[in-house]
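Quick note: the coordinates plus some simple rules give every number you see, no bench work behind them. Only a predicted model underlies this, so the values are computations on that prediction, with no experimental measurement involved. Quick reminder, even Gly has a Cβ in these numbers, built from the backbone with ideal geometry, and neighbours come from all protein chains shown.
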Amino acid sequence: MKWCPPPPEIIKINFDAAIFKESHGAGAVVVARNDEGRCVGWKTTFFEGITDPKCGEALAARTAVEFCHQIKCRNCIVEGNCWQVINKLNSSKVNMCSANLVAHALTRQVTSDSKGFHPSVFLSEALLFDGFS
């Protein structure tokens with residue numbers, strides 16, 4: 001399944017989380033793209049002590065919403081791949097047209113040592129692989 005672009009002049013913000021048992025925490029990634037598929041921003045973070053996958057996804061969703069505010073995005077769609085979290089955030093209709101591959105791939109790169117992680121090359125390759133760059 002490929003990433004689906006948002007409507008014109010809308011930013012789509014994908015989020016994903018991964019649990020790192022050995023680091024005893026959760027990594028989260030947020031990727032923002034415009035209707036042309038261009039990356040307009042990204043953020044990675046690590047939550048120490050979080051080992052529950054749903055909790056990690058919920059914190060990633062919160063990070064995505066905070067990121068919307070940080071980049072002053074007024075027209076955005078926030079999308080993730082954890083149905084339980086999405087259903088809680090959006091009780092009327094869930095739109096999961098994306099495989100969320102870029103955010104998922106970036107999440108796998110995040111570790112507790114990644115405070116200086118700069119995935120620009122990795123992000124470019126992941127966007128190309130996703131078929132929408």
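Worth pointing out:
- Counting charges near GLN84 (Lys, Arg +1; Asp, Glu -1) among other residues having Cβ under 10 Å from its Cβ returns a value of +1.
- For segment 4-20, 3J(HN,Hα) computed residue by residue from phi via the Karplus equation (6.51, -1.76, 1.60; θ = phi - 60°) reads 9, x, x, x, x, 6, 10, 9, 9, 10, 8, 10, 7, 9, 9, 9, 10 Hz, glycine and proline entered as x.
- LYS21/GLN84 FRET efficiency (R0 22 Å; Cβ-Cβ; nearest 0.05): 0.60
- When the pairs LYS21/LYS88; LYS54/LYS88; LYS12/LYS43; LYS21/LYS54 are compared against a 18 Å limit on Cα-Cα distance, LYS21/LYS88 fall above it.
- Amide H contacts of VAL78 (H built 1.01 Å from N, under 5 Å, at least 5 apart or other chain): ILE13
- R0 of 30 Å, Cβ-Cβ distance ILE71-GLU48: FRET efficiency to nearest 0.05: 0.75
- Residue-normalised convex hull volume from the C-alpha trace of segment 1-55: 95 Å³ per residue.
- For the peptides 26-37, 78-89, 2-13, residues were scored by their other Cβ atoms within 10 Å and the scores averaged per peptide; the highest-first order is 26-37, 78-89, 2-13.
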